[in-house]
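Have a look at the structure below, then the notes.
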Amino acid sequence: MKKPEQNGEQKGIFIRFLNAIEKLGNKLPDPFMIFVYLAIAVIIASFIFSLFDASVVHPGTGETLAIQNLLSGLGLQYIVTSMLENFTGFAPLGTVLAIMLGIGLAEKVGLLEIVIRKTILKAPPALVTYAIAFVGIMGNIASDAAQILIPPLAAMVFYKIGRHPLAGLAVGFASAGAGFTANLLIVGTDALLSGISTEAAAILNDQIIVTPADNWYFNIVSVFVLTVVAALVTEKIIEPKLGKYEGDKIIDVSAEENPKANKGLRNAGLAAFAYIVLIVVLIAWPDSTLRNEEGGLIPSPFLTGIVPFILGLFLVLGVAYGKTTGVIKTSRDAVSFMGESIKDMSGFIVLIFAASQFIAYFTWTNIGTWVAVNGAELLTQINFTGIYLIIGYILFTSMLNFLISSGSAKWALEAPVFVPLFMQLGYHPAFTQMAYRIGDSSTNIVTPLNPYFIVVLSFVREYDKKAGMGTLISLMIPYTLSFLVVWIIMFLIFFFTGLQYGPGITPYL
């Protein structure tokens, strides 16, 4: 008879597997050094590739791309001259720091805590996990910003109701990251991918147009199914694995409520309403530059530049609440609070320096493109037919996420290959696009190349200073596997029953 675990219960095989991954992952060097080593590995690999004059033809542009050697004169020049630009130009850096200015102010003045007290803490505990999962999945309305907005707030919510904060962070990140492609609305991602799909379809038939609504029905169903899946994974796997929280971060949940808190909430709400009305007026104004040339919002400068609007909203909320409650007396107080929030992000900023160099080197050398194109060619040579080839393609895309994390860049690379290929087999481009979206989204949360993975890891370390990449990966694997399996099952149900993936869209042309 096996000895029971310390908690008195025999842990399941899967939990032990996750613990082993966490233990192994956390034995790796500090994430900063991991990215340094990966950058060195790319440098060496680029030299080896160059010895064989390796190159690849980009399937979209037809351009021949040679593997560029970072140890050549041109490569060394790139390393030296691009270092600062790689760091300061790393897109998530500006996004994260800008949003944290607003969120940090709202947190430091006590607004986030009082909102949690007044709302979620009073909600039925059984619904909290589902609510966070739903909000996370719907969060891609704000594009990538959801992946840094929702996890820390979800962690705080779980802490406040006596549950492990890392479980809240996990469901927040998993829903926003792995559930990125699903939504009840048609958002910027739909427009971006459908445009690439239309161009790829034109290789064989320039009369076929993929619209932003062509995956809409499938995405609507996905929101509700994945909400349930995320909540069940959290409550049945993640929380039992984590146990009781005894970490480093302590949040005072017993602090007395500011006597002017209710008035502060009211004024913050009024200020936010006025801010939103102003934005709506700016968008609705005749010939508004915030809309696209056709007068629509998908895509548009407004959605492209949504981060400043989110920052502005949190600043308005924080200042209105802080001034009313007396926490902010002068502008210096507000600036000081924002400074403290950025100070909390110092570890993330240091990590980004190394990560940005590795990602820039990997992109510059064209190694990722070479692997993707040759992998695609290999997949087409496998003797799978019909739906089995499609499933193989989903799995291929999910694995490719470990080399190319940008969804749009990856689809721009894959679409010219797979859309015409599957069209020749009789499949609609929008059907192929949906298969791509499943594979791309599911593994978003376990690839260190996802820049927001690094951000969330910094949030994890606020609650557990000993946590490493293994900690976050072990938390995300159950979500990735569950989302991928359930999504494939859904995909097959739609396929075999003839359900439409979008208005008038079935698997076949």
*Can you list residues whose amide H is under 5 Å from Ser55's amide H, if they're 5+ apart or on another chain and H is modeled 1.01 Å from N?*
Ile67
_Projected area, mean over directions - the chain, Cα convex hull, nm²_ = 27.4
_Where the chain is the region considered: accessible area per residue in Å², 1.4 Å probe_ = 45
*What list of ³J(HN,Hα) couplings, whole Hz, do you get for the stretch 462-479 from phi and the Karplus terms 6.51, -1.76, 1.60, once you set θ to phi - 60° and write x for glycine and proline?*
5, 9, 9, 5, 8, 5, x, 4, x, 4, 5, 4, 5, 6, 8, 4, x, 5
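So for the stretch 404-490, averaging the separation of alpha carbon pairs under 8 Å that are six or more residues apart and normalising by length, what relative contact order in percent results?
On the way: 47 pairs, mean separation 24.2, N = 87.
That works out to 28 percent.
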*Once phi is turned into θ = phi - 60°, what whole-Hz ³J(HN,Hα) does the Karplus curve with 6.51, -1.76 and 1.60 give for every residue of the stretch 317-328, x standing for Gly and Pro?*
4, x, 5, 4, 5, x, 5, 5, 7, x, 5, 9
_Taking all protein chains in place and a 1.4 Å probe, what share, in percent, of the accessible surface of the stretch 354-509 do carbon and sulfur account for?_
67
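Using R₀ = 45 Å, calculate the FRET efficiency as 1/(1 + (r/R₀)^6) where r is the Cβ-Cβ separation of Asp344 and Thr497; round to 0.05. Don't jump to the answer; show the numbers that get you there.
Numbers: r = 50 Å, r/R0 = 1.11.
Efficiency, from the Cβ-Cβ distance: 0.35.
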_With an 8 Å Cα cut-off and a minimum separation of 6 or more residues, compute the relative contact order for the chain in percent._
26
_Potential extension, Leu185-Ser55 segment - 0.36 nm per residue separation minus Cα distance_ = 42.7 nm
_Pairs beyond 32 Å (Cα-Cα), from Lys160/Lys410; Lys27/Lys343; Lys260/Lys465; Lys263/Lys465; Lys241/Lys410; Lys108/Lys465_ = Lys160/Lys410; Lys260/Lys465; Lys263/Lys465; Lys241/Lys410
*Fully extended, how many nm does the chain gain between Ser288 and Glu246 (0.36 nm per residue separation, minus their Cα-Cα distance)?*
9.9 nm
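The values are calculated or read from the model by the stated rules, or taken from the named source; none is laboratory data. No experiment lies behind these values; they were computed from the predicted model shown. Methodologically, a virtual Cβ is constructed for each residue, glycine included, from the backbone with ideal geometry; neighbour enumeration extends over all protein chains shown. Just the protein is used for accessible areas: all its heavy atoms, side chains included, with ligands, DNA and RNA removed. Shrake-Rupley method; radii C 1.70, N 1.55, O 1.52, S 1.80 Å.
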